[in-house]
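Below is one structure, written out as structure tokens; the observations come after it.
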Amino acid sequence: MVLWQPVLDPHGAFLASTVPALVLHGDADEHAPYEVARDAALARNHTSWCSISSAGHGFRGAAAEVLDRTVDRLVAYCGER
């Protein structure tokens, strides 16, 4: 019988993964630390980092320019693969 559930470790799972990744993160994120996301992205092979200026968590309140830049970066990333 299992009496406890293992603690989820998304940061560790991300670092251990070998799947190519594109990490987009707003520098005004009020919930997820910007530096943690940046450092994790830069620590992995096959990972591209993209900072979104003035964007909060989930890019809420982000201007159309932020959305356009995000889509452009995603299209470029997919083209590199």
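Below, the figures for the structure above:
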read-out	value
Residue match in the range 31-40 (condition: at pLDDT below 90 and of a type outside the set (S, T, N, Q))	no
Count - residues of the range 19-32 that are of a type outside the set (D, E, K, R), more than 19 Å from G79 (Cα to Cα) and more than 11 Å from the chain's Cα centre (by Cα)	2
Residue count for the range 41-81, restricted to those that are within 22 Å of A13 (Cα to Cα), of a type in the set (F, W, Y) and either modelled with pLDDT under 80 or out of contact with any helix residue (DSSP H, G or I) (no Cβ under 7 Å at 6 or more places or on another chain) (or both)	1
Residues of the range 33-61 classified as surrounded by 14 or more Cβ atoms within 10 Å (Cβ to Cβ) and not in a helix (DSSP H, G or I), total	9
Contacts under 9 angstrom Cβ, first residue in the range 15-28 being more than 17 Å from V71 (Cα to Cα) and small (G, A, S), partner at pLDDT 90 or above and part of a loop (DSSP other than H, G, I, E, B), 6 or more apart	S17/R44
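The values are calculated or read from the model by the stated rules, or taken from the named source; none is laboratory data. All of these numbers come straight from a predicted model, not from anything done at the bench. Positions of Cβ are generated from backbone atoms using ideal geometry, with glycine treated the same way; all protein chains shown enter the neighbour counts.
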